[in-house]
Amino acid sequence: MSASILLLCLASQFCLVTGQLLTKHAMNATNLSPKPWAQIVGRLSLGIVVLTGWFFIWAGLLQKKDLSYVFPFEGLSPVLIVLGASVFLREKPMWKAWLGVALISLGIAVVAAS
Amino acid sequence: MDFSQQIPTRSVMSSTTSQRWRQLPWWLNPYLAMALAILFVPAAEMLLKRGAMATALHHSTVAGLGVDVLSSGWTWLAIVCYIANFTCWLHALRYLPLYLAFSLLSSTHALVPLGCWWFLGESISLGRWAGIAIVLVGVVVIAGPAMKAEERL
């Protein structure tokens with residue numbers, strides 16, 4: 001895997017995780033009463049913009065490589081999501097969630113080595 | 001950036017949101033929305049790959065970005081699937097914690113390669129299959145206990 005492909009994979013992961021955190025933040029706010037509409041629309045819009053960035057980087061990768069070759073790198077995202085949800089959304093995953101994340105990372109390593 | 005501002009604590013969120021979705025009609029069940037969101041992913045990815053292959057000979061003017069994939073009808077079908085996926089996903093996110101919802105979504109790591117092999121004729125080595133299987137075990141380890149905890153609430 002070349003450095004530019006790796007960089008594009010990492011950039012797509014960053015956009016995907018940031019976009020999801022913004023989206024979840026917006027949807028959490030829909031459970032508040034009264035609903036803070038300005039905040040919901042603002043965060044959701046920003047989330048969609050960032051996820052659009054992810055879409056085009058991802059489409060660019062698919063033009064260069066087989067889907068089955070680049071898709072396993074998406075496996076990084078659960079790790080980054082659990083970390084991001086813990087830090088920024090203050091979700092408290094159970095200890096097994098961290099074990100699962102370790103397995104996912106191991107799986108990615110096996111995929112990368114194959 | 002502190003995303004946690006104005007968000008209730010998890011204990012408040014999990015009890016109130018769990019009770020709330022139980023009062024919804026069956027077709028608004030967040031786990032059903034998650035299942036649909038999951039199925040739309042391999043559909044979208046394979047359509048996008050078709051679109052990307054159809055436009056791969058045109059060289060994009062924007063270095064590294066696949067903007068020219070938009071000239072293929074397959075890509076627009078993929079976008080419809082992404083929108084359907086995103087709508088289901090937003091509904092599920094109202095009621096499920098992000099770490100759980102995203103872990104469930106990771107099961108696409110098995111469905112997408114299976115779809116690539118079945119529909120696109122891409123080959124996948126034994127080692128890569130083994131890696132994908134380990135990723136899936138990780139997903140089950142995360143999602144299993146969390147879903148049981150949801151059921152108990």
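Give the residue that is farthest from residue A:62 (Cα to Cα), with candidates limited to residues of the stretch B:97-137 that are part of a loop (DSSP other than H, G, I, E, B) and modelled with pLDDT of 80 or more.
B:97
Against the conditions (1) more than 9 Å from chain B (Cβ to nearest Cβ); (2) on the phi > 0 side of the Ramachandran plot, where does residue A:45 fall short? Just the number, please.
Evaluating residue A:45 over (1) more than 9 Å from chain B (Cβ to nearest Cβ); (2) on the phi > 0 side of the Ramachandran plot leaves (2) as the failure.
So residue B:96 fits all but one of (1) surrounded by 24 or more Cβ atoms within 10 Å (Cβ to Cβ); (2) more than 22 Å from residue A:86 (Cβ to Cβ); what number is the exception?
(2)
Quick one: is residue A:30 farther than 27 Å from residue B:130 by Cα and more than 16 Å from the chain's Cα centre (by Cα)?
yes
Just to check your reading of the model, which residue among B:126, B:120, B:136 is touching a residue at least 60 places away in the same chain (Cβ under 8 Å) and among the aliphatic types (A, V, I, L, M)?
Within the list B:126, B:120, B:136, the selection yields B:120.
Can you pull out every residue in the stretch A:1-42 that is farther than 20 Å from residue B:82 by Cβ, within 11 Å of chain B (Cβ to nearest Cβ) and of a type in the set (S, T, N, Q)?
Selection gives A:4, A:28, A:30, A:31, A:33, A:39.
Is it the case that some residue within the stretch A:56-67 is outside any helix (DSSP H, G or I) and at pLDDT below 90?
yes
So, residue A:38, is that one exposed (fewer than 12 other Cβ atoms within 10 Å of the Cβ) and part of a helix (DSSP H, G or I) or not?
Judged against the criteria, residue A:38 is a match.
The values are calculated or read from the model by the stated rules, or taken from the named source; none is laboratory data. Remember, predicted model here, so these are calculated numbers, not experimental data. Glycine gets a Cβ as well: all are built from the backbone with ideal geometry, and neighbour counts include every protein chain shown.
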